[in-house]
Amino acid sequence: MARAFHITDSAARRIAELRAAEGDDALMLRIVVDAGGCNGFQYRFDFDRTVNDDDAVYEHDGVKVVVDETSLEFLENAQVDYKRELIGAYFAVENPNASSSCGCGTSFSVD
């Protein structure tokens, strides 16, 4: 059964911009949840051209986000956004499954 994951318009625009800057329309944003960070888990963002057997692929406005099955367990009903703030611009995951997160926004914990 497919799990819900969402890509905001802002994230889709930024992924498209970065993909164009690289000159490679096959690039997809890969989101991985790794053990570590100051709260137990952390998000990792990379560009990838490969879809593995255990990946779920989500598409919005012509761009794709790839999430592996294990990471998706932590990301169900979450969304990836691209934020521009005074501290800088960055991809952020808004995750309803996280019981807490750190100030940097890349680390979280679950109960």
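The values are calculated or read from the model by the stated rules, or taken from the named source; none is laboratory data. Note that the coordinates shown come from a computational prediction; the quantities given were computed from them, not determined experimentally. No Cβ is skipped: glycine too gets one built from the backbone with ideal geometry, and neighbour counts run over all protein chains shown. These area figures cover heavy atoms from the full protein model, side chains too; ligands, DNA and RNA do not enter into them. Shrake-Rupley method; radii C 1.70, N 1.55, O 1.52, S 1.80 Å.
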- Scan (1) in contact with an Asp or Glu (Cβ under 8 Å, 6 or more places away or on another chain); (2) surrounded by fewer than 15 Cβ atoms within 10 Å (Cβ to Cβ); (3) farther than 14 Å from Val93 by Cα for the single condition Met28 breaks and write down its number. (2)
- Note on the structure: For region 2-25 the number of residues that are open to solvent by 50 Å² or more (accessible area, probe 1.4 Å), outside any strand (DSSP E or B) and under 13 Å from Ala56 (Cβ atoms) is 2
- Message: Where the second residue is small (Gly, Ala, Ser) and at pLDDT below 95 and the first is at positive phi and lies in region 34-54, which pairs have Cβ atoms under 6 Å and are six or more apart or on separate chains?
- Response: Gly37/Ser107; Gly40/Ser109
